[in-house]
1. Taking a ≥ b ≥ c as the square roots of the Cα gyration tensor eigenvalues, with a/c under 1.5 meaning rounded and otherwise prolate when a/b beats b/c, else oblate, which class fits the stretch 157-200?
2. Rolling a 1.4 angstrom probe over the protein chains, ignoring ligands and nucleic acids, what is the accessible area of VAL197 in square angstrom, nearest 10?
3. Take peptides 218-230, 149-161 and line them up by average Cβ neighbours within 10 Å, highest first, as a rough protection proxy.
4. For the chain, how big is Rg over Rh, using alpha carbon atoms and the Kirkwood form of Rh?
5. Please report the net charge: other residues with Cβ closer than 11 Å to the Cβ of GLN226, K and R +1, D and E -1.
6. As an exercise, use a Förster radius of 45 Å and the Cβ-Cβ distance of THR42 and ALA327 to find the FRET efficiency, rounded to the nearest 0.05.
7. Computed on alpha carbon atoms, what radius of gyration and Dmax characterise the stretch 184-349, expressed in Å?
8. Can you tell me which of 238-244, 209-215, 98-104 comes out highest on packing, and rank the rest after it, using the mean Cβ neighbours within 10 Å?
Amino acid sequence: MSIDFQRTPNPNPATAQQREEILAAPGFGQHFTDHMVTIEWTGDVESGEGSWGTPHLQPYGPLQLDPAAAVLHYGQEIFEGLKAYRHDDGSVWTFRPESNASRLRRSAQRLVMPELPEELFLASLRELVSADQDWVPSGDGQSLYLRPFMIATESYLGVRPARRYLFCVIASPAGSYFGTVDTVDIWLSQDYARAGVGGTGSAKCGGNYAASLIAQMEGEAHGCAQVLFTDSNRDHAVEELGGMNVFFVFDDDRLVTPELTGTILEGVTRSSIIELAEARGMTVEQRRFTLDEWREGVRSGHLTEVFACGTAAVISPVGRLISPQEAIGPDDARPGEVTMALREQLLGIQTGAVEDTRGWTSRLA
(Lines give C-alpha, C1' and ligand atoms only; values in the text may rest on other atoms or scores of the structure.)
Protein backbone atom coordinates (compact mmCIF):
# COMPACT_ATOMS: atom_id res chain seq x y z
CA MET A 1 0.00 0.00 0.00
CA SER A 2 1.47 3.34 -1.09
CA ILE A 3 0.94 6.25 1.29
CA ASP A 4 1.62 9.78 0.06
CA PHE A 5 2.90 12.34 2.54
CA GLN A 6 2.66 16.09 2.18
CA ARG A 7 6.23 17.25 2.80
CA THR A 8 7.36 20.61 4.17
CA PRO A 9 11.14 20.61 4.71
CA ASN A 10 12.52 22.39 7.75
CA PRO A 11 13.85 25.74 6.48
CA ASN A 12 16.36 25.93 9.37
CA PRO A 13 17.68 22.43 10.03
CA ALA A 14 20.55 21.82 12.41
CA THR A 15 23.93 22.29 10.81
CA ALA A 16 26.26 19.34 10.37
CA GLN A 17 28.44 20.71 13.19
CA GLN A 18 25.49 21.14 15.56
CA ARG A 19 24.29 17.63 14.81
CA GLU A 20 27.79 16.19 15.30
CA GLU A 21 28.11 17.85 18.70
CA ILE A 22 24.73 16.44 19.80
CA LEU A 23 25.46 12.93 18.55
CA ALA A 24 28.78 12.89 20.40
CA ALA A 25 26.86 12.79 23.70
CA PRO A 26 23.11 12.62 23.01
CA GLY A 27 21.88 11.65 26.48
CA PHE A 28 18.27 10.50 26.42
CA GLY A 29 15.27 12.53 25.24
CA GLN A 30 17.14 15.84 25.34
CA HIS A 31 17.52 16.67 21.63
CA PHE A 32 15.18 16.22 18.68
CA THR A 33 15.56 15.87 14.95
CA ASP A 34 14.58 18.42 12.30
CA HIS A 35 11.17 16.99 11.38
CA MET A 36 8.07 15.27 12.71
CA VAL A 37 5.09 13.44 11.22
CA THR A 38 1.52 14.54 11.96
CA ILE A 39 -1.83 13.00 10.95
CA GLU A 40 -5.25 14.27 12.05
CA TRP A 41 -8.37 12.18 12.65
CA THR A 42 -11.92 13.50 12.70
CA GLY A 43 -15.10 11.60 13.43
CA ASP A 44 -17.10 9.84 16.13
CA VAL A 45 -15.19 7.02 17.82
CA GLU A 46 -18.29 5.76 19.60
CA SER A 47 -20.14 5.12 16.34
CA GLY A 48 -17.05 3.92 14.52
CA GLU A 49 -17.29 6.65 11.91
CA GLY A 50 -14.30 8.82 11.09
CA SER A 51 -11.21 9.05 8.92
CA TRP A 52 -7.51 9.90 8.94
CA GLY A 53 -6.44 12.98 7.03
CA THR A 54 -3.39 13.57 4.85
CA PRO A 55 -0.11 12.57 6.53
CA HIS A 56 2.36 15.44 6.87
CA LEU A 57 6.12 15.54 7.22
CA GLN A 58 6.84 18.96 8.65
CA PRO A 59 9.43 20.89 10.65
CA TYR A 60 9.73 19.82 14.28
CA GLY A 61 8.11 22.46 16.44
CA PRO A 62 5.40 23.35 18.98
CA LEU A 63 1.85 22.12 18.59
CA GLN A 64 -0.99 24.63 18.69
CA LEU A 65 -3.75 23.52 21.07
CA ASP A 66 -6.89 25.25 22.24
CA PRO A 67 -6.96 25.64 26.06
CA ALA A 68 -10.09 23.49 26.02
CA ALA A 69 -8.42 20.61 24.12
CA ALA A 70 -9.69 17.35 25.60
CA VAL A 71 -6.21 15.94 26.24
CA LEU A 72 -5.53 18.74 28.72
CA HIS A 73 -8.62 17.98 30.78
CA TYR A 74 -9.45 14.29 30.43
CA GLY A 75 -6.11 12.74 29.56
CA GLN A 76 -6.94 10.99 26.29
CA GLU A 77 -3.32 10.34 25.32
CA ILE A 78 -1.37 7.25 24.29
CA PHE A 79 2.16 6.70 23.03
CA GLU A 80 4.77 4.19 21.94
CA GLY A 81 8.55 3.95 22.09
CA LEU A 82 10.93 2.14 19.74
CA LYS A 83 14.42 2.61 18.38
CA ALA A 84 16.15 2.91 15.02
CA TYR A 85 19.67 1.48 14.79
CA ARG A 86 22.51 2.24 12.38
CA HIS A 87 23.93 -0.99 10.97
CA ASP A 88 27.52 -1.39 9.81
CA ASP A 89 26.60 -0.84 6.14
CA GLY A 90 25.03 2.53 7.00
CA SER A 91 21.43 1.36 6.66
CA VAL A 92 18.89 2.09 9.41
CA TRP A 93 16.64 -0.57 10.95
CA THR A 94 14.08 -0.84 13.72
CA PHE A 95 12.93 -3.71 15.91
CA ARG A 96 9.49 -5.34 15.82
CA PRO A 97 7.57 -2.18 14.85
CA GLU A 98 4.46 -4.24 14.08
CA SER A 99 4.24 -5.09 17.78
CA ASN A 100 4.32 -1.40 18.67
CA ALA A 101 1.62 -0.68 16.08
CA SER A 102 -0.54 -3.43 17.58
CA ARG A 103 -0.03 -2.19 21.13
CA LEU A 104 -0.92 1.37 20.09
CA ARG A 105 -4.21 0.05 18.73
CA ARG A 106 -4.90 -1.82 21.98
CA SER A 107 -4.14 1.33 23.98
CA ALA A 108 -6.48 3.28 21.70
CA GLN A 109 -9.27 0.77 22.32
CA ARG A 110 -8.86 1.11 26.09
CA LEU A 111 -8.97 4.92 26.02
CA VAL A 112 -11.71 5.06 23.34
CA MET A 113 -9.51 6.66 20.69
CA PRO A 114 -9.28 5.96 16.94
CA GLU A 115 -7.11 3.02 15.92
CA LEU A 116 -4.24 3.89 13.60
CA PRO A 117 -3.81 1.30 10.80
CA GLU A 118 -0.52 -0.61 10.98
CA GLU A 119 0.52 0.42 7.48
CA LEU A 120 0.11 4.10 8.40
CA PHE A 121 2.11 3.60 11.62
CA LEU A 122 4.98 1.92 9.74
CA ALA A 123 4.90 4.45 6.88
CA SER A 124 5.19 7.29 9.40
CA LEU A 125 8.34 5.75 10.88
CA ARG A 126 9.90 5.28 7.45
CA GLU A 127 9.01 8.81 6.38
CA LEU A 128 10.53 10.47 9.43
CA VAL A 129 13.67 8.34 9.57
CA SER A 130 14.29 8.73 5.83
CA ALA A 131 14.09 12.51 6.19
CA ASP A 132 16.27 12.65 9.33
CA GLN A 133 18.54 9.63 8.87
CA ASP A 134 21.65 11.78 9.42
CA TRP A 135 20.47 12.02 13.04
CA VAL A 136 20.84 8.26 13.62
CA PRO A 137 24.01 7.83 15.72
CA SER A 138 26.43 4.96 15.25
CA GLY A 139 28.21 4.86 18.61
CA ASP A 140 28.14 1.89 20.97
CA GLY A 141 24.78 1.68 22.72
CA GLN A 142 23.37 4.60 20.71
CA SER A 143 20.19 4.75 18.63
CA LEU A 144 17.48 7.08 17.38
CA TYR A 145 14.57 6.86 19.80
CA LEU A 146 11.20 7.12 18.05
CA ARG A 147 8.17 8.40 19.93
CA PRO A 148 4.79 7.97 18.21
CA PHE A 149 1.90 9.41 20.21
CA MET A 150 -1.74 10.40 19.88
CA ILE A 151 -3.69 13.10 21.71
CA ALA A 152 -7.31 14.30 21.79
CA THR A 153 -7.45 17.82 20.31
CA GLU A 154 -11.16 18.63 20.22
CA SER A 155 -12.07 21.78 22.15
CA TYR A 156 -14.87 20.51 24.35
CA LEU A 157 -15.30 20.21 28.11
CA GLY A 158 -17.99 17.55 28.23
CA VAL A 159 -16.93 14.14 29.54
CA ARG A 160 -17.05 11.92 26.46
CA PRO A 161 -14.54 10.63 23.88
CA ALA A 162 -13.21 13.48 21.77
CA ARG A 163 -14.07 13.77 18.09
CA ARG A 164 -10.74 15.08 16.86
CA TYR A 165 -7.26 13.61 17.42
CA LEU A 166 -3.68 14.18 16.36
CA PHE A 167 -1.14 11.41 15.79
CA CYS A 168 2.52 12.48 15.78
CA VAL A 169 5.94 10.88 15.50
CA ILE A 170 9.03 12.65 16.81
CA ALA A 171 12.59 11.36 17.11
CA SER A 172 15.47 11.88 19.53
CA PRO A 173 19.06 10.59 19.32
CA ALA A 174 19.76 8.50 22.41
CA GLY A 175 22.66 7.09 24.36
CA SER A 176 22.49 4.50 27.14
CA TYR A 177 19.37 5.02 29.32
CA PHE A 178 21.05 4.42 32.68
CA GLY A 179 24.53 5.24 31.39
CA THR A 180 25.85 1.87 32.61
CA VAL A 181 25.37 -1.89 32.33
CA ASP A 182 26.30 -2.38 35.99
CA THR A 183 23.60 -3.46 38.41
CA VAL A 184 21.16 -0.83 39.63
CA ASP A 185 19.25 -0.80 42.91
CA ILE A 186 15.48 -0.39 42.83
CA TRP A 187 13.09 1.00 45.42
CA LEU A 188 10.06 -0.90 46.72
CA SER A 189 6.99 1.32 46.64
CA GLN A 190 4.87 0.60 49.70
CA ASP A 191 2.45 3.51 49.54
CA TYR A 192 1.70 3.99 45.84
CA ALA A 193 0.42 2.03 42.81
CA ARG A 194 0.80 2.79 39.10
CA ALA A 195 -2.39 0.95 38.08
CA GLY A 196 -5.23 -1.14 39.46
CA VAL A 197 -7.62 -3.90 38.44
CA GLY A 198 -9.89 -2.62 35.68
CA GLY A 199 -7.68 0.41 35.12
CA THR A 200 -5.30 1.37 32.33
CA GLY A 201 -2.25 -0.62 33.42
CA SER A 202 -2.09 -2.63 30.20
CA ALA A 203 -2.34 0.51 28.04
CA LYS A 204 0.64 2.71 27.28
CA CYS A 205 -0.75 6.05 28.37
CA GLY A 206 0.78 9.03 30.10
CA GLY A 207 -1.44 8.75 33.18
CA ASN A 208 0.24 5.51 34.25
CA TYR A 209 3.63 7.18 34.19
CA ALA A 210 2.36 10.28 35.97
CA ALA A 211 1.05 8.00 38.73
CA SER A 212 4.51 6.45 39.13
CA LEU A 213 6.47 9.70 39.47
CA ILE A 214 5.96 10.28 43.20
CA ALA A 215 7.25 6.78 43.95
CA GLN A 216 10.10 7.28 41.48
CA MET A 217 11.16 10.45 43.30
CA GLU A 218 11.01 8.59 46.61
CA GLY A 219 13.31 5.92 45.19
CA GLU A 220 15.77 8.43 43.79
CA ALA A 221 15.97 10.05 47.23
CA HIS A 222 17.21 6.69 48.50
CA GLY A 223 19.77 6.24 45.73
CA CYS A 224 17.69 3.93 43.53
CA ALA A 225 17.44 4.09 39.75
CA GLN A 226 13.89 2.72 39.45
CA VAL A 227 10.87 1.84 41.57
CA LEU A 228 9.03 -1.48 41.85
CA PHE A 229 5.28 -1.77 42.31
CA THR A 230 3.48 -4.74 43.87
CA ASP A 231 -0.15 -5.75 44.31
CA SER A 232 -1.00 -5.70 48.01
CA ASN A 233 -4.24 -7.57 47.27
CA ARG A 234 -2.32 -10.56 45.85
CA ASP A 235 0.24 -11.24 48.60
CA HIS A 236 2.42 -8.40 47.32
CA ALA A 237 2.80 -9.99 43.91
CA VAL A 238 5.48 -8.25 41.88
CA GLU A 239 4.05 -6.24 39.00
CA GLU A 240 6.53 -4.02 37.15
CA LEU A 241 8.88 -1.09 37.55
CA GLY A 242 7.88 2.47 36.79
CA GLY A 243 8.62 1.93 33.11
CA MET A 244 10.06 -1.58 32.78
CA ASN A 245 9.15 -5.26 33.11
CA VAL A 246 11.13 -7.50 35.47
CA PHE A 247 12.57 -11.05 35.26
CA PHE A 248 14.01 -13.52 37.78
CA VAL A 249 16.67 -16.13 36.90
CA PHE A 250 16.90 -19.35 38.95
CA ASP A 251 19.74 -21.85 39.16
CA ASP A 252 17.69 -24.63 37.51
CA ASP A 253 17.42 -22.74 34.18
CA ARG A 254 14.05 -21.20 35.02
CA LEU A 255 13.15 -17.66 34.05
CA VAL A 256 10.16 -16.20 35.91
CA THR A 257 8.29 -13.01 35.07
CA PRO A 258 4.97 -11.65 36.41
CA GLU A 259 1.94 -12.80 34.45
CA LEU A 260 -0.09 -10.27 32.48
CA THR A 261 -3.16 -9.63 34.61
CA GLY A 262 -4.37 -6.42 32.97
CA THR A 263 -2.44 -4.16 35.34
CA ILE A 264 0.96 -4.75 33.67
CA LEU A 265 2.12 -3.36 30.33
CA GLU A 266 2.93 -6.07 27.78
CA GLY A 267 6.40 -4.98 26.75
CA VAL A 268 7.83 -5.71 23.29
CA THR A 269 11.22 -6.32 24.91
CA ARG A 270 9.56 -8.60 27.46
CA SER A 271 7.99 -10.83 24.81
CA SER A 272 11.27 -10.93 22.86
CA ILE A 273 13.21 -12.05 25.93
CA ILE A 274 10.72 -14.82 26.60
CA GLU A 275 11.19 -16.16 23.07
CA LEU A 276 14.99 -15.90 23.20
CA ALA A 277 15.15 -17.59 26.61
CA GLU A 278 12.98 -20.48 25.47
CA ALA A 279 15.21 -20.91 22.42
CA ARG A 280 18.18 -21.20 24.83
CA GLY A 281 16.44 -24.12 26.51
CA MET A 282 15.23 -22.22 29.56
CA THR A 283 11.85 -22.87 31.16
CA VAL A 284 9.92 -19.60 31.19
CA GLU A 285 7.17 -19.16 33.77
CA GLN A 286 4.69 -16.30 33.52
CA ARG A 287 2.96 -16.36 36.89
CA ARG A 288 2.43 -14.62 40.19
CA PHE A 289 5.76 -13.95 41.89
CA THR A 290 5.65 -12.51 45.41
CA LEU A 291 8.08 -10.58 47.56
CA ASP A 292 8.24 -13.59 49.91
CA GLU A 293 9.41 -15.77 47.01
CA TRP A 294 12.02 -13.14 46.12
CA ARG A 295 13.30 -13.11 49.71
CA GLU A 296 13.39 -16.90 49.90
CA GLY A 297 15.12 -17.20 46.53
CA VAL A 298 17.90 -14.87 47.65
CA ARG A 299 18.19 -16.58 51.04
CA SER A 300 18.47 -20.06 49.56
CA GLY A 301 20.71 -19.00 46.71
CA HIS A 302 18.37 -20.46 44.08
CA LEU A 303 17.51 -16.99 42.74
CA THR A 304 20.73 -16.05 40.98
CA GLU A 305 19.90 -13.00 38.86
CA VAL A 306 17.29 -10.27 38.52
CA PHE A 307 16.97 -7.92 35.58
CA ALA A 308 14.59 -5.31 34.21
CA CYS A 309 13.82 -4.67 30.57
CA GLY A 310 12.23 -2.11 28.28
CA THR A 311 12.77 -0.33 24.98
CA ALA A 312 14.81 2.51 26.46
CA ALA A 313 17.18 0.51 28.68
CA VAL A 314 16.93 -2.82 26.75
CA ILE A 315 18.10 -5.09 29.63
CA SER A 316 19.38 -3.69 32.92
CA PRO A 317 20.79 -5.92 35.70
CA VAL A 318 19.17 -5.37 39.11
CA GLY A 319 21.22 -5.48 42.31
CA ARG A 320 19.08 -4.95 45.41
CA LEU A 321 15.43 -4.25 46.14
CA ILE A 322 15.46 -1.61 48.87
CA SER A 323 12.77 -0.51 51.32
CA PRO A 324 12.87 1.23 54.71
CA GLN A 325 12.76 -2.20 56.38
CA GLU A 326 15.24 -4.24 54.35
CA ALA A 327 17.40 -4.77 51.30
CA ILE A 328 16.74 -7.92 49.29
CA GLY A 329 19.80 -9.06 47.36
CA PRO A 330 23.57 -9.05 47.89
CA ASP A 331 25.46 -5.79 48.35
CA ASP A 332 28.07 -6.89 45.81
CA ALA A 333 25.73 -8.11 43.06
CA ARG A 334 27.23 -8.10 39.59
CA PRO A 335 25.54 -8.47 36.19
CA GLY A 336 24.63 -12.15 35.80
CA GLU A 337 25.68 -14.50 33.02
CA VAL A 338 22.15 -15.13 31.73
CA THR A 339 21.25 -11.46 31.94
CA MET A 340 24.25 -10.37 29.91
CA ALA A 341 23.92 -13.20 27.38
CA LEU A 342 20.30 -12.25 26.66
CA ARG A 343 21.26 -8.58 26.49
CA GLU A 344 24.08 -9.26 24.03
CA GLN A 345 21.86 -11.42 21.84
CA LEU A 346 18.97 -8.96 21.82
CA LEU A 347 21.17 -5.95 21.12
CA GLY A 348 23.01 -7.94 18.47
CA ILE A 349 19.78 -8.61 16.60
CA GLN A 350 18.72 -4.97 16.89
CA THR A 351 22.05 -3.58 15.66
CA GLY A 352 22.67 -6.19 12.97
CA ALA A 353 25.63 -7.83 14.71
CA VAL A 354 23.62 -11.05 15.18
CA GLU A 355 21.60 -12.64 12.38
CA ASP A 356 17.88 -11.99 12.64
CA THR A 357 16.33 -15.41 12.04
CA ARG A 358 12.87 -14.38 13.29
CA GLY A 359 12.09 -11.48 10.99
CA TRP A 360 12.05 -9.05 13.88
CA THR A 361 13.92 -6.19 12.20
CA SER A 362 12.59 -3.84 9.52
CA ARG A 363 14.61 -1.46 7.35
CA LEU A 364 13.58 2.20 7.60
CA ALA A 365 16.29 3.90 5.51
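The values are calculated or read from the model by the stated rules, or taken from the named source; none is laboratory data. The shown structure was predicted, so the numbers you read here are calculated from the model rather than taken from an experiment. Please note: Cβ atoms are built from the backbone with ideal geometry, for glycine as well, and neighbour counts cover all protein chains shown. Heavy atoms of the whole protein, side chains included, go into the accessibility calculation; ligands, DNA and RNA do not. Shrake-Rupley method; radii C 1.70, N 1.55, O 1.52, S 1.80 Å.
1. Numbers: a/c = 4.71, a/b = 1.37, b/c = 3.45.
Taking the square roots of the gyration eigenvalues as a ≥ b ≥ c, the stretch 157-200 is oblate.
2. 140
3. Values: 218-230: 19.1, 149-161: 17.0.
Descending packing order for the listed peptides: 218-230, 149-161.
4. Numbers: Rg = 21.0 Å, Rh = 21.6 Å.
Expressed as Rg/Rh, it is 0.97.
5. Numbers: positive: none; negative: ASP185, GLU220, GLU240.
Cβ neighbours under 11 Å give a net charge of -3.
6. 0.25
7. Radius of gyration, then largest Cα-Cα span, for the stretch 184-349: 14.7, 41 Å.
8. On the way: 238-244: 24.6, 209-215: 16.6, 98-104: 19.4.
Most protected by this proxy first, the peptides run 238-244, 98-104, 209-215.
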